[in-house]
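The values are calculated or read from the model by the stated rules, or taken from the named source; none is laboratory data. These figures come from a predicted structure and were not determined experimentally. Virtual Cβ from ideal backbone geometry, glycine too; neighbours counted across all protein chains shown. These accessible areas exclude ligands, DNA and RNA; they are computed on the full protein's heavy atoms, side chains included. Shrake-Rupley method; radii C 1.70, N 1.55, O 1.52, S 1.80 Å.
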Amino acid sequence: MKTIKGPAIFLAQFAGDNPPFNNLKDISRWAASLGYKGVQIPTWDSRLFDLKRAAESKTYCDEIRGTLAASKVELTELSTHLQGQLVAVHPAYDEAFDGFAPASVHGNPSARQAWGVEQLRFAAKASANLGLNAHVTFSGALAWPYLYPWPQRPPGLVDTAFDELAKRWRPILDEFDKAGIDLCFEIHPGEDLHDGITFEMFLDRLGGHKRCNILYDPSHFVLQQLDYLEYIDIYHSRIKMFHVKDAEFRPSGRQGVYGGYQPWMSRAGRFRSLGDGQVDFAAIFSKLAQYDFEGWAVVEWECCLKDSEQGAREGAPFVARHIIKTAERAFDDFAKSGADVEANRRMLGLTKSKGHD
């Protein structure tokens, strides 16, 4: 059995223009001072990381590792959430998602998509240069506007969307395979891959591609009212990454899962800082230990109430308390009888006892 690594923290929600959050050296030292042993880096934030340079220069990657080592933290994974989103964008979201890409491709969906794909290719090479084994991204979405079937979806609409989604991602997954990196999709509302069934639909079209894997984040399943513990039972062989994020769902007579267009503060389903929500993390860590998950437990802080720095301070000890140091021997070894194969057969009545013909 394997022990989960951690605690680690995703830096995306903390990076900013003011020290210590405006460069990798200082933000990694800040993370270490709170008790984190690893950091997950958002590759779109140039204050922290240069993705193209990392893909092209092992020397730069050595410098990144050296910076983190000096701060006494490790690099857990790289993230291309924003770039991955651009691999598949429904026209309804063109203007909103232009902001994820350089100004040079704004208003040009095909150029924006090509830029996103190039970023993913850089990420595969950069991850290999950094000695990583997994990477996280979003799938993007073509079918999401048609999630609730009104008016009735025309036959074949969803199949066409998933066929195209798989077509776009297959060559990217092949690049990650060449690099020896698992590409983990964060299963997330707003993405075409938002639950177990949609992941299966995608995976089937990819012929079970071995690099197509999952970042598990239970908070998104609380908000969907999906059984997040059984999800681990079903998909544990594909779960290669883990975001530790809390959430709560408190429906009323006025709103439920869809939230009534309310801001996060007023929604029935809300993300919360660790320990403030409803997620059963003791059960999650137990199941991941049971299935030999060997990745990192990475805190992703998102909360509509609590200050981010308080959430970060509380996150490291919360995760540390939940990590299970897996047993090296069975709890009942003290009662071993020393039986061998023949003794086992005698105990089952399969061998004549001594003194009998």
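Can you tell me which of L78, L68 is in contact (Cβ under 8 Å) with a residue 24 or more places away in the chain, within 20 Å of A179 (Cα to Cα), touching a helix residue (DSSP H, G or I) at 6+ places or on another chain (Cβ under 9 Å) and not in a loop (DSSP other than H, G, I, E, B)? Talk me through it step by step, then tell me what you get.
Working: L68 fails: within 20 Å of A179 (Cα to Cα).
Of L78, L68, the one residue that is in contact (Cβ under 8 Å) with a residue 24 or more places away in the chain, within 20 Å of A179 (Cα to Cα), touching a helix residue (DSSP H, G or I) at 6+ places or on another chain (Cβ under 9 Å) and not in a loop (DSSP other than H, G, I, E, B) is L78.
Please go through region 1-46 and give me each residue that is open to solvent by 40 Å² or more (accessible area, probe 1.4 Å), under 16 Å from I64 (Cα atoms) and part of a loop (DSSP other than H, G, I, E, B), ordered by number.
Hits for region 1-46 are N22, N23, K37, W44, S46.
Could you list, in sequence order, all residues of region 181-220 that are of a type in the set (F, W, Y) and in contact with a Cys (Cβ under 8 Å, 6 or more places away or on another chain)? Write out each step before concluding.
If we filter region 181-220 for residues that are of a type in the set (F, W, Y), which is where we start, we get 185, 199, 202, 216.
Across region 181-220, the qualifying residues are F185, F202.
Looking only at region 159-180, which residues are open to solvent by less than 50 Å² (accessible area, probe 1.4 Å) and free of Cβ contacts under 8 Å to residues at least 40 places away in the same chain?
Narrowing region 159-180 to residues open to solvent by less than 50 Å² (accessible area, probe 1.4 Å): 161-162, 165-166, 169, 172-173, 175-176, 179-180.
Those that are open to solvent by less than 50 Å² (accessible area, probe 1.4 Å) and free of Cβ contacts under 8 Å to residues at least 40 places away in the same chain: A161, L173.
Please verify whether W115 is of a type in the set (F, W, Y), assigned to a helix (DSSP H, G or I) and closer than 30 Å to K5 by Cβ, treating the condition exactly as stated. I'd like the intermediate steps shown before the answer.
On the way: of a type in the set (F, W, Y): yes; assigned to a helix (DSSP H, G or I): yes; closer than 30 Å to K5 by Cβ: no.
Criteria not met by W115.
Would you mention how many residues in region 81-97 are part of a helix (DSSP H, G or I), surrounded by 22 or more Cβ atoms within 10 Å (Cβ to Cβ) and of a type outside the set (S, T, N, Q)?
1
Working carefully through the options R321, R345, R270, R329, find the one that is modelled with pLDDT under 95, among the basic types (K, R) and surrounded by 11 or more Cβ atoms within 10 Å (Cβ to Cβ). Don't jump to the end; show me each part of the working.
On the way: R321 fails: modelled with pLDDT under 95; R270 fails: modelled with pLDDT under 95; R329 fails: surrounded by 11 or more Cβ atoms within 10 Å (Cβ to Cβ).
Exactly one residue qualifies, and that residue is R345.
Would a scan of region 205-216 turn up a residue that is under 26 Å from R272 (Cα atoms), among the hydroxyl-bearing types (S, T, Y) and touching an Asp or Glu at 6+ places or on another chain (Cβ under 7 Å)?
Residues of region 205-216 under 26 Å from R272 (Cα atoms): 213-216.
Next, only the ones that are among the hydroxyl-bearing types (S, T, Y) stay: 216.
Next, only the ones that are touching an Asp or Glu at 6+ places or on another chain (Cβ under 7 Å) stay: none.
Within region 205-216, none of the residues are under 26 Å from R272 (Cα atoms), among the hydroxyl-bearing types (S, T, Y) and touching an Asp or Glu at 6+ places or on another chain (Cβ under 7 Å).
Name the pairs: first residue in region 272-293 and at positive phi, second residue at pLDDT 95 or above and open to solvent by 40 Å² or more (accessible area, probe 1.4 Å), Cβ to Cβ under 8 Å, at least 6 apart or on different chains?
G275/E314
Tell me yes or no: at least one residue of region 181-201 is closer than 24 Å to K125 by Cβ, within 22 Å of the chain's Cα centre (by Cα) and open to solvent by 60 Å² or more (accessible area, probe 1.4 Å).
no
I need the helices (runs of 4 or more DSSP H) fully contained in region 204-316, keeping only those with at least 3 residues that are within 19 Å of H194 (Cβ to Cβ). Break it down stepwise before answering.
Details: elements: 218-224, 228-235, 281-290.
Output list reads 218-224, 228-235.
For G259, state whether it is without any contact (Cβ under 8 Å) to a residue 12 or more places away in the chain and open to solvent by less than 30 Å² (accessible area, probe 1.4 Å). Show your work before the answer.
On the way: without any contact (Cβ under 8 Å) to a residue 12 or more places away in the chain: yes; open to solvent by less than 30 Å² (accessible area, probe 1.4 Å): yes.
So G259 passes the test.
If I go through region 123-147 residue by residue, how many of them are of a type in the set (S, T, Y), within 25 Å of T160 (Cα to Cα) and either open to solvent by less than 10 Å² (accessible area, probe 1.4 Å) or assigned to a loop (DSSP other than H, G, I, E, B) (or both)?
Within region 123-147, the subset of a type in the set (S, T, Y) is 127, 137, 139, 146.
Among the residues that remain, those that are also within 25 Å of T160 (Cα to Cα) are: 137, 139, 146.
Next, only the ones that are either open to solvent by less than 10 Å² (accessible area, probe 1.4 Å) or assigned to a loop (DSSP other than H, G, I, E, B) (or both) stay: 137, 139.
Matching residues across region 123-147 total 2.
Quick one: count up the residues across region 202-225 that are small (G, A, S) and open to solvent by 10 Å² or more (accessible area, probe 1.4 Å). Lay out the reasoning, then the answer.
Taking region 202-225 and keeping what is small (G, A, S), we get 207-208, 219.
Going one step further and asking which of them are open to solvent by 10 Å² or more (accessible area, probe 1.4 Å), we end up with 207-208.
Residues that pass the stated criteria total 2.
Can you find, within region 181-192, the residue that is farthest from G84 (Cα to Cα) among those that are touching a residue at least 40 places away in the same chain (Cβ under 8 Å) and among the hydrophobic types (A, V, I, L, M, F, W, C)? Give the derivation first.
First, the residues of region 181-192 that are touching a residue at least 40 places away in the same chain (Cβ under 8 Å): 181-186, 188, 190-192.
Imposing the further condition that a residue be among the hydrophobic types (A, V, I, L, M, F, W, C) reduces the set to 181, 183-185.
Details: I181: 16, L183: 11, C184: 11, F185: 9 Å.
So, considering only residues that are touching a residue at least 40 places away in the same chain (Cβ under 8 Å) and among the hydrophobic types (A, V, I, L, M, F, W, C), the one farthest from G84 (Cα to Cα) is I181.
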